[in-house]
1. Exactly one condition in (1) open to solvent by 60 Å² or more (accessible area, probe 1.4 Å); (2) assigned to a strand (DSSP E or B) is false for L21; which is it?
2. Report yes if some residue within segment 54-76 is open to solvent by 30 Å² or more (accessible area, probe 1.4 Å), charged (D, E, K, R) and more than 20 Å from V98 (Cβ to Cβ); otherwise report no.
3. What do you reckon, is E84 touching a residue at least 60 places away in the same chain (Cβ under 8 Å), surrounded by fewer than 20 Cβ atoms within 10 Å (Cβ to Cβ) and under 11 Å from the mean Cα position of the chain (by Cα)?
4. Can Y164 be described as touching a Leu at 6+ places or on another chain (Cβ under 9 Å) and closer than 16 Å to P23 by Cβ?
5. Do we find a residue being more than 13 Å from I30 (Cα to Cα), touching a residue at least 24 places away in the same chain (Cβ under 8 Å) and either of a type in the set (F, W, Y) or open to solvent by less than 30 Å² (accessible area, probe 1.4 Å) (or both) anywhere in segment 138-160?
6. I'd like the full set of residues that are surrounded by 21 or more Cβ atoms within 10 Å (Cβ to Cβ) and within 21 Å of T19 (Cβ to Cβ), limited to segment 87-117.
7. Checking T130 against (1) touching a residue at least 60 places away in the same chain (Cβ under 8 Å); (2) farther than 18 Å from S25 by Cβ; (3) open to solvent by 20 Å² or more (accessible area, probe 1.4 Å), only one condition comes out false. Which one?
Amino acid sequence: GALVVGGLDFDGVDDEFNTSLIPPSTATLIGVATWDVEAATQMIVGARDSANERSYLAQASGGNITLGVGAGAVGTQAVTASTEYLAFAKYNSGDNDVFVNTLASGSSASASPTNTTYGYNIGSFNDAGTASSFMNGRIREVIIYNTDQSANRVGIETNINAAYSIS
């Protein structure tokens, strides 16, 4: 069901939800979001201990929907303000993949994060206990699996799209 029609509206200043969920070594991060501002780092969900121990799904400073893992980041889908996106990203110790609105948006090889202390924030980046990179827009859905859900990606995207009519 829909808790809030259109999603939770984040102001880009200080809104966030803190979780105790620590990024696992393998994960699938899924988000449905609309950004109000392009080309600014804004998190759907993210956490890190240091610059090289991170896990996030966000719009990066270059304006692309990005999966950040360890020291690397991948994603080429540019954000257009006021447009809703379904982002599906997975990482494991061998590779990272990002799909936006069911289309491949990036793939790379990378190490998994070694974050063992700080939990994910929704709507901001838990930067070693200090929030940053606040979301300016709406988040309708966040799903985090501690497994690689690549084999189920199409079914998951189809289910989410049926609820939100994104792509």
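1. Failing condition for L21: (2).
2. no
3. Numbers: touching a residue at least 60 places away in the same chain (Cβ under 8 Å): yes; surrounded by fewer than 20 Cβ atoms within 10 Å (Cβ to Cβ): yes; under 11 Å from the mean Cα position of the chain (by Cα): no.
Against the criterion (touching a residue at least 60 places away in the same chain (Cβ under 8 Å), surrounded by fewer than 20 Cβ atoms within 10 Å (Cβ to Cβ) and under 11 Å from the mean Cα position of the chain (by Cα)), E84 does not qualify.
4. No.
5. no
6. Scanning segment 87-117 gives A87, F88, A89, K90, Y91, P113, N115.
7. Unmet condition: (1).
Each row is one residue, and each column tells you yes or no for (1) under 14 Å from the mean Cα position of the chain (by Cα); (2) not hydrophobic (A, V, I, L, M, F, W, C).
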site: V32; (1), (2): yes, no
site: D36; (1), (2): no, yes
site: G46; (1), (2): yes, yes
site: S50; (1), (2): no, yes
site: A60; (1), (2): yes, no
site: Y91; (1), (2): yes, yes
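The values are calculated or read from the model by the stated rules, or taken from the named source; none is laboratory data. These numbers were taken from a predicted model, which means no experiment stands behind them. Positions of Cβ are generated from backbone atoms using ideal geometry, with glycine treated the same way; all protein chains shown enter the neighbour counts. Quick note on the areas: whole protein, heavy atoms, side chains included, nothing else; ligands and nucleic acids left out. Shrake-Rupley method; radii C 1.70, N 1.55, O 1.52, S 1.80 Å.
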